[in-house]
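Undergrad: Take this structure first; my questions come after.
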Amino acid sequence: MRYERITDVVGATPLVAVDALLPDVARAAGVHLWAKVELLGPTGSIKDRTAKALIDALDRDGRLRPGVRLLEPTSGNTGAALAMHAAARGIPITLVMPANATEERRHAVRAFGAEILESPAEEGSNGAVALARRMAAEDSTYVMPDQYANRANPDVHERTTAPEILADCPEVDAVVAGLGTGGTATGLARFFARAKPNVAVWVAEPMPGEKVTGLRSLADGFTPEVLDDTLLTGRILVSNRESIVAARELARRTGILAGPSTGATLAVARRIARDAAPGSNIVFIACDAGWKYFSAGFVEGDLDNMDDALEGDVFWW
């Protein structure tokens, strides 16, 4: 295959069967579990799709005029994807990242020539959003794609991610995404409401007070503008420990090395599978690559009672 530029190598990711991770009761009932392996994108995350859509939308609107600089708050994945697209188009970019973002993600965005400004670690991604929005309001040379408010975010998943899932698994019964910006879940829900209304769309959301890298709890006080909660089947709460244990098991039993947010979607998919009808097909989004979290102890960090984490209580929201 030939492409004009690296930014064209986005999407068309595979579904990979991971039935070995199903609870025994679900496997006995013939339930099937599939990972939508978004970590195979150019920068290793589903945000490759989002970044392309955001920059294309700015271009269509005439906002990428000479002299502007892109500005975006990010915990890492959207930043790396935006930095890649910006580099390919010759557009300067500044990223606002929490001070505790992992070194792998910092290296990734700097490799593409992006400038990093830090927001307070204790404020998480919400602090990065607030700082970036203040900067954009005060300086007109900044153009902010704003993944949290830009309709291009859910639109790209409605146009690409969801149709790919249906094409590759026409018998799909449920899809699980992580609650980050809300763009993936909203786009999936819009598509399936129209194309196959019986498909349930669930989101994995961190428990209040828990920090699952790449995801957010709405209890923290910030609801992304692109999230349409009314379209979702529901939100299921997960802990950081449960997410990391699930991601570790995914790597060690299937060879798919994904990050904590993927662990969260896997954990939720496993819960749904326990009560699913015989023969059901459940798809979860494998959001990003696990190598981005090595320096944070993702692989070998100590987790109390981690052997029991996947069989913990079910939290519904």
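Just so it is clear, none of the values below were taken in a lab; they were calculated from the coordinates. What you see is a predicted model; the values in this text were computed from it and never measured. Positions of Cβ are generated from backbone atoms using ideal geometry, with glycine treated the same way; all protein chains shown enter the neighbour counts.
Undergrad: By the scheme Lys and Arg +1, Asp and Glu -1, what is the net charge of all other residues having a beta-carbon under 10 Å from that of residue 76?
TA: Net charge around residue 76: +2.
Undergrad: Give, to the nearest whole percent, the P(r) tail of region 47-143 beyond 20 angstrom, counting all Cα pairs.
TA: 31
Undergrad: Mind checking region 70-165 for chymotrypsin sites (Phe, Trp or Tyr not before Pro) that DSSP puts in a loop (not H, G, I, E or B) and that have at most 14 other Cβ atoms within 10 Å?
TA: Filter output for region 70-165: empty list.
Undergrad: Over all alpha-carbon pairs in region 30-80, figure out the percentage whose distance exceeds 12 Å.
TA: 71
Undergrad: Determine the percent antiparallel among the DSSP beta bridges restricted to the chain, to the nearest 5.
TA: Percentage antiparallel, nearest 5: 20.
Undergrad: Please work out the Kirkwood hydrodynamic radius for region 93-231, using every pair of different C-alpha atoms, and report it in angstroms with one decimal place.
TA: Result for region 93-231, one decimal place: 16.5 Å.
Undergrad: Also: Return the long-range amide H neighbours of residue 30 (sequence gap of 5 or more, or a different chain), with a cut-off of under 5 Å between placed amide H atoms.
TA: 279
Undergrad: Region 214-281 to region 9-23: how many Å between their Cα centroids?
TA: 14
Undergrad: Same structure, new question: So what's the gap between the Cα centers of region 63-120 and region 127-169, to the nearest angstrom?
TA: 14
Undergrad: When we measure straight from the Cα of residue 47, which lysines land under 20 angstrom away, once same-chain ones fewer than 8 places off are left out?
TA: List returned: 36, 211, 292.
Undergrad: Further question: If we count every other residue with Cβ under 11 angstrom of residue 29's Cβ, Lys/Arg +1 and Asp/Glu -1, where does the sum land?
TA: Local charge sum for residue 29: 0.
Undergrad: Can you give me the pair-distance distribution of the chain, C-alpha pairs, 20 Å bins, whole percents?
TA: Using 20 Å bins, I get a P(r) of 35, 58, 7, 0 for the chain.
Undergrad: So if a site counts as exposed when it's one of the GluC sites (Glu not before Pro), its DSSP state isn't H, G, I, E or B, and it has at most 16 other Cβ atoms within 10 Å, what's the longest stretch of the chain without one?
TA: Result for the longest clean stretch: 5-170.
Undergrad: For region 12-56, state the average projected area of the convex hull of the C-alpha atoms over all orientations, rounded to one decimal in nm².
TA: Seen from a random direction, the Cα hull of region 12-56 projects 3.9 nm² on average.
Undergrad: Give me the net charge of residue 146's neighbourhood, meaning all other residues with Cβ under 11 Å from the Cβ of residue 146; Lys, Arg count +1, Asp, Glu -1.
TA: 0
Undergrad: Sort 157, 107, 32 by Cβ crowding within 10 Å, fewest neighbours at the top.
TA: Exposure proxy ranking, most exposed first: 107, 32, 157.
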